[in-house]
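The structure appears right after this line, and notes come after that.
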Amino acid sequence: MFSGVLRVAVVDDSALYRRMILNVLGMIPGVEVVGTASNGFEAVELIVHAKPDAVTLDVQMPGMDGIEVLKALKQRGLAPRVIMVSSLTAEGAPTTVNALMEGAFDFILKPAGVDTHVSRDAIHRELSGKLVAVRESMVGLPPAARSKPVPPVARAAVARAATPRRYDAIVIGTSTGGPQALRSVIPLFSTALDVPVLVVQHIPAQFTASLAERLNGMSWMRVVEAADGMLIEPEHVYLAPGDRHLGVERREGGMVCVLDDSPRRRGCRPSVDHLLETAARAYEGRVLAAVLTGMGCDGLEGCRALKQAGGGVMAQSADTCVVYGMPKAVIEAGLADETVPLDQVATRLEERLRKELPSPPTKS
C-alpha cells in the first residue's frame, strides 16, 4: 500500500542535471530520494535494490540508454513510474515517444537555456505536475470504480457494411499514459473499420509527428498528424498537432480538419472538448467517443455536447488506466454508456459502430 511518501531515484549521465533534479526534488513535499545513477547499468541495479516508486530517467545515455533501461526493468518484472528526461533534439523526440510507448509514465524536457535558475524553475514546474500524476496513479481505487468485464468481441463478427452504420467517426481523447494506450487500440482496429478516427493526445508540438509516424508503422490504417484543411477520409487516423486545437468542419468537398490557436481549455491545447464539440456539430451527433487514461477532466464538456447530439461515449476502465482522471470525470457525470478495459476498446468501438447497446433493465 502506498504510504504517501514518494520514493524517487534519479538517473542522468550529466552531473549538472542530476544535481539540479535533486535540488528540485528537495523542494517538493512528500518526496524521498532513494539514490542516483549516472548510467543505465547503474540505474537497473539501483532500481532492483532500492525499489523506488518513481524514477527520473535520462533518455539519451551512452552504453545503455533510457529505452534499454525500460526493457531491462520489464524483463525483471519491475514497474516503477518512469518519468523520462528528454532533450529537444532531432533524436530526442522519437526516442521519447518510443519510451512512452514502451511503458514510461510521462516525460519532462531539459531546458535549452544556460541560466541555472531558469532551468531549475522550469524543471520544478514540470516535475511537480508529473509527480502529482504519479501520486494519483498510486492511490488505491475503490471496488466500485473498477470495470465489469465486457465479453470479448469476435473479430470475424464485425464485417464491413454487414449492418447499417450508426456512427460516421470515432474520436479518442487521452493524456498521461496515452501513447501506450493508443498503441493498444489503433493497431488493433480490423480492416472492417471504414470510418475516420480523430485523436487528441496531450503532448508537446515537437512530439506529435513522431507519435503519428510510430503508430502508422504499427497499423494498417494510415496515421497522420492533422493539417489545417486536410480532408478527413475513412481508414485514416488524424492526430491533433501539439499546441493547436483540432476541430472538424463540413465543407463542399466533405469533412475537413480545422486547426486553430484559440485559448487553452482547462489548460489544454489541443483540447478533447473542442474536438468533440466540433465533431458533434459537423457529423450531427453520429460520433462515437472513447475517453482514455489521463489527468484532469478534458473531454467532460465535449462528451456532454456529444450525448446531447445523440452520440455515444465509452470510457476506459479504472483498473486499466495509468491515471484515472479523464475517464472518471466522464463516468461520474453519467455520460459514459459503458466502461471498457483497454485491451477491449478497439473491438468494442468496432462493434458499436453498427450496433445499439441493449436497453438497461427496468426497475421493478
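The values are calculated or read from the model by the stated rules, or taken from the named source; none is laboratory data. From a predicted model like this one, the values you see are computed outputs, not experimental measurements. Don't worry about glycine lacking a Cβ; one is built from the backbone with ideal geometry, like all the others, and counts go over all protein chains shown.
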Are there any pairs with C-beta distances below 6 angstrom linking a residue in the stretch 232-254 that is hydroxyl-bearing (S, T, Y) to a residue that is surrounded by 14 or more Cβ atoms within 10 Å (Cβ to Cβ), with the two at least 6 apart or on different chains, and if so which?
Y238/L198; Y238/A226; Y238/C257
Would you confirm, using the coordinates I've provided, whether L211 is touching a helix residue (DSSP H, G or I) at 6+ places or on another chain (Cβ under 6 Å) and assigned by TED's automatic domain parsing to the domain that holds E338?
yes
If a residue counts only when it is surrounded by fewer than 17 Cβ atoms within 10 Å (Cβ to Cβ), which helices (runs of 4 or more DSSP H) contained entirely in the stretch 205-308 have at least 3 such residues?
205-218
Of the candidates A315, A290, A282, A346, the one satisfying the condition of being under 20 Å from D194 (Cα atoms), in the same structural domain as C257 (by TED's automatic domain parsing) and within 14 Å of the chain's Cα centre (by Cα) is A290
List the pairs whose first member sits in the stretch 264-290 and is aromatic (F, W, Y), whose second member is surrounded by fewer than 24 Cβ atoms within 10 Å (Cβ to Cβ), and whose Cβ atoms are under 6 Å apart, counting only residues at least 6 apart or on separate chains?
Y283/D168; Y283/A169
